[in-house]
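A.B. asks: Next up is a structure, given as structure tokens.
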Amino acid sequence: MKMDKKYIVAITGATGAPLALHFLKTLLAFSSEVHLLFSDMGKQVFYQELKILKETNLTDFFKMHCKSHYQKIRFWDVLDFSAPFASGSGFADAMIIVPCSMKTLSAVSNGYSSTLIERSADVMLKEKRPLILVPRETPLNQIHLRNLLLASQAGAHILPPVPAFYTDPKNIEDILAYITGKILDSLTIRHDLFPRWSETGKM
């Protein structure tokens with residue numbers, strides 16, 4: 001598979017930092033560039049859930065965890081609208097918001113682009129390029145459901161991080177791999193992160 005794809009990954013303020021890290025590390029192996037964005041609350045949750053020391057710089061964190069693929073990451077300030085993908089004339093093959101908070105979902109589904117995350121998502125929708133939202137909230141109220149429907153109708157792919165049990169997961173890593181794999185499936189990236197239903201002996 002050619003690895004010349006360019007992706008935008010946004011991490012927003014919902015629980016799911018371990019999933020975001022697992023997905024990012026996996027995606028880097030299938031891409032030439034990953035443009036990484038954090039919302040303010042997304043960064044706070046990322047530090048909290050991964051138990052990152054407050055004095056640790058995120059670039060140093062990703063250097064340690066992404067190793068040789070680290071050079072593929074481009075970090076952007078959430079208010080830097082000079083980013084090429086803030087315009088339809090720029091280009092990214094797809095954008096993934098993982099996890100996607102209900103605040104970010106609301107902004108995306110209603111076209112409210114106050115940050116680079118929301119503007120980038122708006123560009124993906126208007127240019128009819130893949131936008132994958134991984135919403136993390138439960139239970140969902142009618143406002144959440146309405147916003148999910150609006151985003152879907154606008155062209156976004158809604159992918160809740162729901163684990164599967166037919167794969168017989170043994171640990172958290174297996175669950176993260178399954179959800180990461182489902183996101184990769186939506187990007188049409190071939191992988192072997194989990195056994196397919198037809199491979200589990202249940203059919």
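The values are calculated or read from the model by the stated rules, or taken from the named source; none is laboratory data. Keep in mind the model is a prediction, meaning the values are calculated, not measured. Don't worry about glycine lacking a Cβ; one is built from the backbone with ideal geometry, like all the others, and counts go over all protein chains shown.
A.B. asks: Output the residues belonging to the range 21-34 that are of a type outside the set (Phe, Trp, Tyr), farther than 17 Å from ALA83 by Cβ and in contact with a Leu (Cβ under 9 Å, 6 or more places away or on another chain).
C.D. replies: Passing the criteria: LEU21, HIS22, LEU24, THR26, LEU27.
A.B. asks: Also: All but one of (1) surrounded by 14 or more Cβ atoms within 10 Å (Cβ to Cβ); (2) under 20 Å from ALA29 (Cβ atoms); (3) more than 14 Å from the chain's Cα centre (by Cα) hold for ARG190; state the number of the condition that does not hold.
C.D. replies: If we test ARG190 against (1) surrounded by 14 or more Cβ atoms within 10 Å (Cβ to Cβ); (2) under 20 Å from ALA29 (Cβ atoms); (3) more than 14 Å from the chain's Cα centre (by Cα), just (1) comes out false.
A.B. asks: What are the residues in the range 52-87 that are more than 15 Å from ALA121 (Cβ to Cβ) and among the polar types (S, T, N, Q), if any?
C.D. replies: Correct list: THR56, ASN57, THR59, SER68, GLN71, SER82.
A.B. asks: Now for a different question. Can you confirm whether the range 27-48 contains a residue that is part of a loop (DSSP other than H, G, I, E, B), at pLDDT 95 or above, among the aliphatic types (A, V, I, L, M) and under 28 Å from GLU137 (Cβ atoms)?
C.D. replies: no
A.B. asks: Another question, then. Can you tell me how many residues in the range 141-186 are among the polar types (S, T, N, Q), free of Cβ contacts under 8 Å to residues at least 12 places away in the same chain and in a helix (DSSP H, G or I)?
C.D. replies: Taking the range 141-186 first, the residues among the polar types (S, T, N, Q) are 141-142, 147, 152-153, 167, 171, 180, 186.
If we keep only those that are free of Cβ contacts under 8 Å to residues at least 12 places away in the same chain as well, we get 141-142, 152-153, 171.
Still in the list and also in a helix (DSSP H, G or I): 142, 152-153.
Final tally of qualifying residues: 3.
A.B. asks: Suppose the filter is farther than 30 Å from VAL123 by Cα and either β-branched (Val, Ile, Thr) or touching a Cys at 6+ places or on another chain (Cβ under 8 Å) (or both); does THR167 pass it? Write out each step before concluding.
C.D. replies: Working: farther than 30 Å from VAL123 by Cα: yes; either β-branched (Val, Ile, Thr) or touching a Cys at 6+ places or on another chain (Cβ under 8 Å) (or both): yes.
Answer is yes for this residue.
A.B. asks: Could you check, for the range 186-196, whether at least one of its residues is basic (Lys, Arg) and closer than 28 Å to ARG74 by Cβ?
C.D. replies: yes
A.B. asks: Given the options VAL134, VAL123, VAL78, name the one that is in a loop (DSSP other than H, G, I, E, B) and buried (at least 17 other Cβ atoms within 10 Å of the Cβ).
C.D. replies: Going through VAL134, VAL123, VAL78 in turn, just one is in a loop (DSSP other than H, G, I, E, B) and buried (at least 17 other Cβ atoms within 10 Å of the Cβ): VAL78.
A.B. asks: Which residue pairs have Cβ atoms under 9 Å apart, sit 6 or more places apart or on different chains, and have a first residue in the range 67-78 that is within 17 Å of ALA29 (Cα to Cα) and a second that is among the acidic types (Asp, Glu)?
C.D. replies: Correct list of pairs: LYS72/GLU33; ILE73/GLU33; ARG74/GLU33.
A.B. asks: Here's another thing I want to ask about it. Which condition does VAL45 not pass, out of (1) of a type outside the set (Lys, Arg); (2) surrounded by fewer than 19 Cβ atoms within 10 Å (Cβ to Cβ); (3) free of Cβ contacts under 8 Å to residues at least 40 places away in the same chain, if it passes all the others?
C.D. replies: (2)
A.B. asks: Considering only the range 86-106, state which residues are crowded, with 17+ Cβ neighbours inside 10 Å and more than 16 Å from the chain's Cα centre (by Cα).
C.D. replies: ALA86, SER106 - these are the residues of the range 86-106 that are crowded, with 17+ Cβ neighbours inside 10 Å and more than 16 Å from the chain's Cα centre (by Cα).
A.B. asks: Of the residues that sit in the range 49-64 and are assigned to a helix (DSSP H, G or I) and among the acidic types (Asp, Glu), which one is surrounded by the most Cβ atoms within 10 Å (Cβ to Cβ)?
C.D. replies: Result: GLU49.
A.B. asks: I'd like to check something: does the range 124-140 contain any residue that is at pLDDT 95 or above, more than 20 Å from SER31 (Cα to Cα), more than 13 Å from the chain's Cα centre (by Cα) and acidic (Asp, Glu)?
C.D. replies: Yes, because at least one residue in the range 124-140 is at pLDDT 95 or above, more than 20 Å from SER31 (Cα to Cα), more than 13 Å from the chain's Cα centre (by Cα) and acidic (Asp, Glu).
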